[in-house]
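Asks: My structure is below; once you've seen it, I'll send some questions.
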Amino acid sequence: MANIIFGQEYKEFEFDGKVSIRYKLINEVEVTIYDEGMKIKQFTTAPSGKFIFKGSSEKHYSIQFEQEGYETKRIAINTDNTRGIKEKIAPYRFKVTLNKKPIDRKLDHVNTIVGVIEINSDKTKFIHNTPTI
């Protein structure tokens with residue numbers, strides 16, 4: 001028999017996805033996690049292009065995806081307004097597509113956020129507020 005704890009507050013949320021180039025999943029993409037601008041974790045994607053990140057409530061994260069020869073992408077994850085959530089929220093899954101870096105472009109726009117993931121107004125799931133990631 002499972003124990004039920006009334007009033008339990010969920011303080012950890014899972015975000016996962018896959019990285020691709022065009023329609024092909026790629027491995028060994030460097031993924032860097034920042035919390036309020038400070039690097040807290042760095043790893044490479046699995047052979048399937050998959051990555052997983054668990055974040056805490058009331059934080060401002062960004063996830064950076066880098067692969068040599070491709071434009072770097074950074075996605076913001078905002079877990080503000082998640083305090084007091086009593087029901088477990090399903091992991092938020094998303095895909096990141098890296099584009100070939102133009103030959104004439106010397107610098108990446110690393111600090112440009114291409115998408116924002118945040119809790120919806122009902123506090124029942126995470127959503128992204130941009131048309132594409």
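Asks: Please enumerate the residues belonging to region 26-51 that are outside any strand (DSSP E or B) and among the charged types (D, E, K, R).
Replies: At the first step, the residues of region 26-51 found to be outside any strand (DSSP E or B) are 26-29, 36-37, 45-49.
Within region 26-51, GLU28, GLU36 meet the criteria.
Asks: Right, another one. I'm trying to understand the selection: among the residues of region 60-74, which are touching a residue at least 12 places away in the same chain (Cβ under 8 Å) and more than 16 Å from HIS128 (Cβ to Cβ)?
Replies: Result: GLN64, GLU66, GLN67, GLY69, TYR70, GLU71, THR72.
Asks: Look through region 87-108, keep the residues that are assigned to a loop (DSSP other than H, G, I, E, B), of a type in the set (D, E, K, R) and touching a Phe, Trp or Tyr at 6+ places or on another chain (Cβ under 7 Å), and return whichever of them is modelled with the lowest pLDDT.
Replies: My answer is LYS101.
Asks: In region 43-79, which residue that is among the basic types (Lys, Arg) and surrounded by fewer than 19 Cβ atoms within 10 Å (Cβ to Cβ) is farthest from PHE94 (Cα to Cα)?
Replies: Checking each candidate, the answer is LYS59.
The values are calculated or read from the model by the stated rules, or taken from the named source; none is laboratory data. A quick note: this is a predicted structure, and the numbers were derived from the prediction, not measured. Every residue, glycine as well, gets a Cβ built from its backbone with ideal geometry; the counts of neighbours run over all protein chains shown.
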